Amino acid sequence: MLDRPLAAGFFLALLTGEVFPVLFIALFFELLWLDLIPAGTFIPPNSVFCLTSAAVLTTHFQLQHTGHIFLLMLMSIPGAYILSRIEAWYRIRQNKMYNQILHQSRDRWKTYSPGKMVLQSLAGSLGIFMVSSCLGIYVLALALPPLISVLDFQREFAWPVLLMIASISALAGLRVKKAYISFIFGIILVSAALAWMQWPAIL
């Protein structure tokens, strides 16, 4: 449970000293990824990256406008899927070491060193994800200011509205066709209302 956004958000709030909006961001991604849990070979998007990048950049840029924070959270989502692909690649690479482990275990324990292999695996995993995450946060930091200047946010979004949008994952977990139809219809209405509130000239 430590890799859940809410748990990671608690520690980030302690590190940054910003309880809000860090916990709001954590709750947003907790609801958004609620239906995507690791099962079997399925690797869910890396929600902790979304939370960390959004919380760190919100604190770095001192963002107060919820529209800017919402834009940042949306921009971080592709990075979550990219990191899940990287994790899948790394798992495949680690699986190839299985034959090496078998070979060493049959070599009369002369070269068999499982502790060393585990340490190498952990160090490699930490290094890959640290580099990838830092690179992703750096790209977001470069891309965010120009987008904010281009998009003229006129009104702020209330956090309850943003959390309601994120709760689509819970609805998706119902696996009920009528619920999906109702959800799509509701999303259209909410999107039209938000678009009219934010950019009246569009409608």
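Of note:
- Angle between the chain longest axis and helix 47-60 axis [Cα atoms, degrees, rounded to 10]: 60 degrees
- Net charge of Cβ neighbours under 15 Å - reference residue 163; Lys, Arg +1; Asp, Glu -1: -2
- Residue-count net charge about residue 37 - beta-carbon cut-off 13 Å; Lys, Arg +1, Asp, Glu -1: -2
- Rounded to 10°, Cα long-axis angle of helix 66-95 versus longest principal axis of the chain: 20 degrees
- Cross-link reach list, aspartates and glutamates versus residue 116, counting only Cα pairs under 19 Å and skipping chain neighbours closer than eight places: 107
- Degrees between helix 114-150 axis and first principal axis of the chain (Cα, 0 to 90, nearest 10): 20 degrees
- DSSP loop trypsin sites (Lys or Arg not before Pro) with at most 13 other Cβ within 10 Å: longest gap in the chain: 1-95
- Around residue 47: net Lys/Arg minus Asp/Glu count, Cβ-Cβ under 9 Å: -1
- Here the label points at residue 97 and residue 188, each 7 Å from Cα along the C-beta direction, are separated by 5.2 nm in the simple model.
- Once the Cα-Cα distance is subtracted from the 0.36 nm per residue extended length, the residue 122 to residue 134 segment shows a gain of 2.5 nm.
Each reported figure results from applying straightforward, stated rules to the coordinates on display, with no laboratory input. Computed from a predicted structure; not experimentally measured. Every residue, glycine as well, gets a Cβ built from its backbone with ideal geometry; the counts of neighbours run over all protein chains shown.
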